[in-house]
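Asks: The structure under discussion is supplied below as structure tokens; questions concerning it will follow.
The values are calculated or read from the model by the stated rules, or taken from the named source; none is laboratory data. Keep in mind the model is a prediction, meaning the values are calculated, not measured. Glycine also receives a Cβ, built like all others from the backbone with ideal geometry; neighbour counts cover every protein chain displayed.
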């Protein structure tokens, strides 16, 4: 992945040098939490669901959080490059496909813990998007874990994770997230889960749209795409359930199966069109 050729974003806040309170739960949609759970499970033989449970934390009064000094390193430069490229891409898409203006999110780099408008998050949460403050939060330990398992080919897989969270921001911009939350508030559990799956799959498709435009500029290749597809497959609900319990419960899916996640990411990647990412009007998510 030729990320060094991408424009760096100015919308990155680095709080890694600061300190926050002991976190509790976290709101908003998250791909990073399950990624960290899977990676830790593969490396250390830990049950992914146990890690996800620990991520929920308890209610502990937080201490004030201080803004730290920005840390200049390869990972933060990578994040700025990917975020900058998503900004340029979505600016173009909003103008050309929607005749609208895209408002880019802020991205907060943190370590150990962070305070967001959606609550407190521990480092294990990985990347997540908080619609209450229009910010993507990224624990840099996530990148180190992915790099440890995927090696030099991990860049586009890591970029996919960021693009997925930016996809949730796009949903928020388009009013999709609000409509889904309203529907969920008056629905039974099965419908709530189904709507969650459709929301997540659409974010995967939106991440694929960003990938479409990076491929157009020859910034990624087939090997990069393969790595991202593999990441999408390893965070499918069926994969996670099978890893943790040995069996699959489709009714409990909240993010979609491995096949669904790969399929919708690929759909966005091939089309580059928002119209092809309507996961809510199809009979099957």
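Asks: Somewhere in region 70-90, is a residue in contact with a helix residue (DSSP H, G or I) (Cβ under 8 Å, 6 or more places away or on another chain), at pLDDT below 90, part of a helix (DSSP H, G or I) and closer than 23 Å to residue 230 by Cα?
Replies: Yes, there is a match, as at least one residue in region 70-90 is in contact with a helix residue (DSSP H, G or I) (Cβ under 8 Å, 6 or more places away or on another chain), at pLDDT below 90, part of a helix (DSSP H, G or I) and closer than 23 Å to residue 230 by Cα.
Asks: What number of residues in region 254-267 are over 14 Å from residue 230 (Cα atoms) and either surrounded by fewer than 20 Cβ atoms within 10 Å (Cβ to Cβ) or modelled with pLDDT of 95 or more (or both)?
Replies: 2
Asks: What single numbered condition from (1) at pLDDT 85 or above; (2) more than 26 Å from residue 278 (Cβ to Cβ); (3) in contact with a strand residue (DSSP E or B) (Cβ under 7 Å, 6 or more places away or on another chain) fails to hold for residue 169?
Replies: (2)
Asks: State all residues of region 99-114 that are at pLDDT 85 or above and surrounded by fewer than 21 Cβ atoms within 10 Å (Cβ to Cβ); if no residue qualifies, say none.
Replies: Once the filter is applied, which keeps residues that are at pLDDT 85 or above and surrounded by fewer than 21 Cβ atoms within 10 Å (Cβ to Cβ), region 99-114 yields 99, 100, 101, 102, 103, 104, 106.
Asks: Which condition number does residue 101 fail, the rest of (1) free of Cβ contacts under 8 Å to residues at least 60 places away in the same chain; (2) in a helix (DSSP H, G or I) being met?
Replies: Here residue 101 clears every test but (2).
Asks: On to the next question. Here is a list of conditions, (1) at pLDDT 90 or above; (2) more than 30 Å from residue 7 (Cβ to Cβ), and residue 243 meets all of them except one; can you say which number that is?
Replies: Every listed condition holds for residue 243 apart from (1).
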